[in-house]
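First comes the structure, then the notes that go with it.
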Amino acid sequence: MVFDTTTPDSLGNALAFANNFIRVNRNDYGLQSSDVAVIVIVRHNSTAFGYNDAIWAKYGVPISKRANFVDPKTKEAAKANLFNVSEYGAQLPNRGTTLDALFKQGVQLAVCATSTRGYAGAIAEATGGNTDAIFNELVSNLVSTNARMVPAGIVAVNRAQERGYSFVG
């Protein structure tokens, strides 16, 4: 199963549905997490959720602006990757299903390098930094070892489908 996400809301929904997919396959079909393959692709405005909390703490304001996302509790720029925090419950569309919880079940995250380049440019503009240096910093601060940079998220969607993955948009 491959979930394609382009917004924070679509990512939150994908996390909830990925959890449902794994849980139902386990509980109702007797399959283990290792028997199913799930990839979540973050691109466009969901890309920044592929970065760890250190990046969000450092660059939360320009990231939140570019992603059009604010912390639903504070109504300000997020200071952490909120899709890795379970305490938000119904305030976020993932309903408490975190990235880490899914990573422990084998879910893989594909992070769009093309969009990451755009985030690096926006951060550089906001902070007076160097786009290339910030890009390298983002790439080296992915949310998990289950996260991988892909040249372009849209191409990753296509490649997964070519290899027999079912698509969820």
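So which of Glu125, Glu87, Glu162 ends up being within 16 Å of Asp4 (Cβ to Cβ), surrounded by fewer than 17 Cβ atoms within 10 Å (Cβ to Cβ) and not small (Gly, Ala, Ser)? Step through it out loud before you land on a result.
On the way: Glu125 fails: within 16 Å of Asp4 (Cβ to Cβ); Glu87 fails: within 16 Å of Asp4 (Cβ to Cβ).
The unique qualifying residue is Glu162.
Inside the stretch 32-79, can you point out the residues that are surrounded by 17 or more Cβ atoms within 10 Å (Cβ to Cβ), among the hydroxyl-bearing types (Ser, Thr, Tyr) and over 26 Å from Gly169 (Cβ atoms)?
Hit for the stretch 32-79 is Tyr59, nothing else.
The conditions are (1) buried (at least 19 other Cβ atoms within 10 Å of the Cβ); (2) in contact with a helix residue (DSSP H, G or I) (Cβ under 8 Å, 6 or more places away or on another chain), and Val157 fails exactly one of them. Which is it?
(2)
Within the stretch 48-62, identify whether any single residue is in contact (Cβ under 8 Å) with a residue 24 or more places away in the chain and charged (D, E, K, R), and answer yes or no.
Of all residues in the stretch 48-62, those in contact (Cβ under 8 Å) with a residue 24 or more places away in the chain come to 48-56, 59, 61-62.
Next, from what is left, pick out any that are charged (D, E, K, R): 53.
Looking through the stretch 48-62, at least one residue is in contact (Cβ under 8 Å) with a residue 24 or more places away in the chain and charged (D, E, K, R).
I'd like the full set of residues that are farther than 11 Å from Cys112 by Cα and either surrounded by 17 or more Cβ atoms within 10 Å (Cβ to Cβ) or touching a Lys or Arg at 6+ places or on another chain (Cβ under 6 Å) (or both), limited to the stretch 142-154. Show your work before the answer.
Just the residues of the stretch 142-154 that are farther than 11 Å from Cys112 by Cα, to begin with: 142-146.
Leu142, Val143, Ser144, Asn146, listed by residue number.
What number of residues in the stretch 1-18 are closer than 20 Å to Gly164 by Cα and either in a helix (DSSP H, G or I) or out of contact with any strand residue (DSSP E or B) (no Cβ under 8 Å at 6 or more places or on another chain) (or both)? Step through it out loud before you land on a result.
Kept after step one, since they are closer than 20 Å to Gly164 by Cα, are these residues of the stretch 1-18: 1-5, 14, 17-18.
Then drop every residue that is not either in a helix (DSSP H, G or I) or out of contact with any strand residue (DSSP E or B) (no Cβ under 8 Å at 6 or more places or on another chain) (or both), which leaves 14, 17-18.
The number of residues fulfilling the criteria is 3.
None of the figures in this text is laboratory data; all of them are computed from the coordinates on show. Quick caveat, the model's predicted, so the values are computed rather than measured. Counting neighbours? That spans all protein chains shown, and the Cβs are built from the backbone with ideal geometry, glycine included.
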